[in-house]
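> There's a structure below that I have some questions on.
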Amino acid sequence: MMGKYFGTDGFRGEAGVDLTSEHAFRIGRYLGYYLRHEVVVNEARRARVLIGKDTRLSSYMLEYAMASGLASSGADVYLLHVTTTPSVSFVTVREGFDLGIMITASHNPFLDNGIKIIDCKGKKLGDEITDKIEEYLDTQVPHLPFSNGADVGRIYDYYAGRNGYIGRLISLAAGSYKGLRIGIDAANGAAFTIARSVFAALGAEIHTIADEPNGMNINYMCGSTHPEALSKLVKERGLDVGFAFDGDADRCIAMNEHGETVDGDGIMYILARRMVRKGRLPQKKIVATVMSNAGLSASLEDEGIDVDITKVGDRFVYERMQETGATLGGEQSGHIIISDLSATGDGILTALMITEEIIDTGMRLGELCRGLTLYPQRSESVRVRDKNAAANDEVLRDFIDETTHKSTGKIRLLVRESGTEPKIRVMVEAESVDICDRIISEITTLLKMRGHTDD
């Protein structure tokens, strides 16, 4: 479900336009009030909330506005400062915080920002509470009283929490990574110090790019959405493997020794087989989304592993994992959830588990992907004026039905609204890349002719 403000991955929009410091303050106000009157009402303590942020220029503004709102409603706030989304989830659970909040727009450009709210179990906050926040933002609920006197919340720096997360990641490695030459693309985002710290502590030789954030270069021609720079680094320096993260490091795209991309489907293939071997994949089942290549399901089925398909969005992946008992799930974009180790996607954790498999098997990443046969597939994002109107355009829907019907099962075509941007996501899977490109071109032209784009 997507509300007016909160979509599949929190509140996201252009900072200062769709998402302002007033929004952040009011969300903090409501959450502090909610925690005080609904969560810790019978306990002799204050509500405790953890906040992290990525490196965007606007993240600092939103962080302090959020903290001010929480404190003015009586909650104590602990600031992790620049850190990753999975670290917020981990520390929230380990340290017993009532909520965790991450200021980030993930893989979006720096002009955008967002607010992810994580519950005390490390999961994304459910619709029940976000619906109440939306009502408050639209002033459909009574004015909330401010705390005063000794009831005003405190705000603390909490770097120790981030250090605890780094230590936990290091502890997951079975041994030294000495001798491995690893490339890291930090997307000029939240992983720019953490990823290097983890892999360097384990003894690997680290080569980093996109690790000099200036507030405006996050995700710009780098990271998981632009792995070309990492590919060049791996090939030019003869590295063993590379890992590209997104702005808040909950995604990971890998690069094999030849500079070839291994996306989320390839990663799930490798980790599913590893977890079966380690006895960590109950029922031999994983969860993927409709955007995953059908070749993933076919290849894993040959290994006796089932793939349960759900809607796009890590939240839906995790919910299905909880329903089925699967301990591995993810998205083609590189958002991988290993639920016996984390309640949310964690790019650095994913990179560690891939590295562990390389060490355990003595195989290179390219060799670990043997056996995975992917079908020709192309994806495109089209910026539109109104994504709901575009996605439900009758002419477009007729085109989709006609194209898939005529193909007699040889074409898989998905057109959906982005959950985080004003875009339509188009995915085509067919017998050849040429067919995929042709269909995407036809859909893009149709959207333009129907007046959905600004071109």
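> Sort out which residues of region 284-309 are assigned to a strand (DSSP E or B) and out of contact with any Asp or Glu (no Cβ under 8 Å at 6 or more places or on another chain), and write them in order of number.
Here is the first cut: in region 284-309, the ones assigned to a strand (DSSP E or B) are 285-289, 306-309.
Asp306, Asp308, Ile309 - these are the residues of region 284-309 that are assigned to a strand (DSSP E or B) and out of contact with any Asp or Glu (no Cβ under 8 Å at 6 or more places or on another chain).
> Identify the residue in region 413-455 that is assigned to a loop (DSSP other than H, G, I, E, B) and over 20 Å from Val290 (Cβ atoms) and, among all such residues, is modelled with the lowest pLDDT.
Per the stated criteria, the residue is Asp455.
Okay, residues lined up against (1) under 25 Å from the mean Cα position of the chain (by Cα); (2) farther than 30 Å from Leu172 by Cα:
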{"site": "Glu356", "(1), (2)": "yes, no"}
{"site": "Leu396", "(1), (2)": "no, yes"}
{"site": "Gly419", "(1), (2)": "yes, yes"}
{"site": "Glu429", "(1), (2)": "yes, yes"}
{"site": "His452", "(1), (2)": "no, yes"}
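> Evaluate the following for Tyr30: is it at pLDDT below 95, among the hydroxyl-bearing types (Ser, Thr, Tyr), touching a helix residue (DSSP H, G or I) at 6+ places or on another chain (Cβ under 6 Å) and part of a helix (DSSP H, G or I)? Lay out the reasoning, then the answer.
Details: at pLDDT below 95: yes; among the hydroxyl-bearing types (Ser, Thr, Tyr): yes; touching a helix residue (DSSP H, G or I) at 6+ places or on another chain (Cβ under 6 Å): yes; part of a helix (DSSP H, G or I): yes.
Yes, satisfied.
> Further, regarding this structure: Do the conditions hold for Gly345, that is, is it assigned to a loop (DSSP other than H, G, I, E, B), in contact with a Cys (Cβ under 6 Å, 6 or more places away or on another chain) and within 23 Å of Gly242 (Cα to Cα)?
Details: assigned to a loop (DSSP other than H, G, I, E, B): yes; in contact with a Cys (Cβ under 6 Å, 6 or more places away or on another chain): no; within 23 Å of Gly242 (Cα to Cα): yes.
No: the conditions fail for Gly345.
> Restricting to region 261-292, count the residues that are more than 20 Å from Asp250 (Cα to Cα) and at pLDDT below 95.
The qualifying residues number 2.
> In addition: All but one of (1) out of contact with any strand residue (DSSP E or B) (no Cβ under 8 Å at 6 or more places or on another chain); (2) at pLDDT below 95; (3) farther than 25 Å from Ala187 by Cα hold for Ser73; state the number of the condition that does not hold.
Only one criterion in (1) out of contact with any strand residue (DSSP E or B) (no Cβ under 8 Å at 6 or more places or on another chain); (2) at pLDDT below 95; (3) farther than 25 Å from Ala187 by Cα is unmet by Ser73, namely (2).
> Scan region 321-348 for residues that are in contact with a Pro (Cβ under 6 Å, 6 or more places away or on another chain) and farther than 22 Å from His107 by Cα and jot them down.
Answer for region 321-348, where residues must be in contact with a Pro (Cβ under 6 Å, 6 or more places away or on another chain) and farther than 22 Å from His107 by Cα: just Gly325.
> Filter the strands (runs of 3 or more DSSP E) completely within region 164-275 down to those with at least 1 residues that are within 21 Å of the chain's Cα centre (by Cα) and crowded, with 24+ Cβ neighbours inside 10 Å.
Working: elements: 181-185, 205-209, 241-245, 252-255.
Because the criterion is at least 1 residues that are within 21 Å of the chain's Cα centre (by Cα) and crowded, with 24+ Cβ neighbours inside 10 Å, the strands (runs of 3 or more DSSP E) in region 164-275 that meet it are 181-185, 241-245, 252-255.
> Further, regarding this structure: Of a type outside the set (D, E, K, R), assigned to a helix (DSSP H, G or I), surrounded by 14 or more Cβ atoms within 10 Å (Cβ to Cβ) and assigned by TED's automatic domain parsing to the domain that holds Val198: does that describe Thr404? Spell out how you get there, then give the answer.
Working: of a type outside the set (D, E, K, R): yes; assigned to a helix (DSSP H, G or I): yes; surrounded by 14 or more Cβ atoms within 10 Å (Cβ to Cβ): yes; assigned by TED's automatic domain parsing to the domain that holds Val198: no.
No: the conditions fail for Thr404.
> Quick check on region 145-175: of everything there that is hydroxyl-bearing (Ser, Thr, Tyr) and touching a Phe, Trp or Tyr at 6+ places or on another chain (Cβ under 8 Å), which residue is farthest from Ala44 (Cα to Cα)? Spell out how you get there, then give the answer.
Of all residues in region 145-175, those hydroxyl-bearing (Ser, Thr, Tyr) come to 147, 156, 158-159, 165, 171.
Okay, now just the ones that are also touching a Phe, Trp or Tyr at 6+ places or on another chain (Cβ under 8 Å), so 156, 158, 165.
Numbers: Tyr156: 20, Tyr158: 22, Tyr165: 28 Å.
The qualifying residue farthest from Ala44 (Cα to Cα) is Tyr165.
> Of these, Gly325, Gly329, Gly295, Gly304, which one is touching a helix residue (DSSP H, G or I) at 6+ places or on another chain (Cβ under 8 Å) and either buried (at least 22 other Cβ atoms within 10 Å of the Cβ) or polar (S, T, N, Q) (or both)? Steps first, please.
Values: Gly325 fails: either buried (at least 22 other Cβ atoms within 10 Å of the Cβ) or polar (S, T, N, Q) (or both); Gly295 fails: either buried (at least 22 other Cβ atoms within 10 Å of the Cβ) or polar (S, T, N, Q) (or both); Gly304 fails: either buried (at least 22 other Cβ atoms within 10 Å of the Cβ) or polar (S, T, N, Q) (or both).
Going through Gly325, Gly329, Gly295, Gly304 in turn, just one is touching a helix residue (DSSP H, G or I) at 6+ places or on another chain (Cβ under 8 Å) and either buried (at least 22 other Cβ atoms within 10 Å of the Cβ) or polar (S, T, N, Q) (or both): Gly329.
Listed here are the residues, each with its yes/no results for (1) touching a Ser or Thr at 6+ places or on another chain (Cβ under 8 Å); (2) more than 22 Å from Val88 (Cα to Cα).
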residue: Met291; (1), (2): yes, yes
residue: Ser299; (1), (2): yes, yes
residue: Thr324; (1), (2): no, yes
residue: Leu328; (1), (2): yes, no
residue: Ile337; (1), (2): yes, no
residue: Ala343; (1), (2): yes, no
residue: Ala351; (1), (2): no, no
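> Is there any pair with a first residue in region 186-201 that is closer than 25 Å to Ser58 by Cα and a second that is assigned to a helix (DSSP H, G or I) and of a type in the set (Phe, Trp, Tyr) whose Cβ atoms are under 9 Å apart and which are 6 or more apart or on different chains, and what are they?
Ile194/Tyr165
> Assess whether Leu352 counts as being in contact with a Gly (Cβ under 8 Å, 6 or more places away or on another chain), touching a residue at least 60 places away in the same chain (Cβ under 8 Å) and surrounded by 13 or more Cβ atoms within 10 Å (Cβ to Cβ).
Details: in contact with a Gly (Cβ under 8 Å, 6 or more places away or on another chain): no; touching a residue at least 60 places away in the same chain (Cβ under 8 Å): yes; surrounded by 13 or more Cβ atoms within 10 Å (Cβ to Cβ): yes.
So Leu352 fails the test.
> Might you let me know whether region 313-322 holds any residue that is part of a loop (DSSP other than H, G, I, E, B) and surrounded by fewer than 22 Cβ atoms within 10 Å (Cβ to Cβ)?
yes
The values are calculated or read from the model by the stated rules, or taken from the named source; none is laboratory data. Since the structure is predicted, the reported quantities are computational estimates derived from the model, not experimental observations. Because the Cβ atoms are built from the backbone with ideal geometry, glycine has one as well, and the counts that use them run over all protein chains shown.
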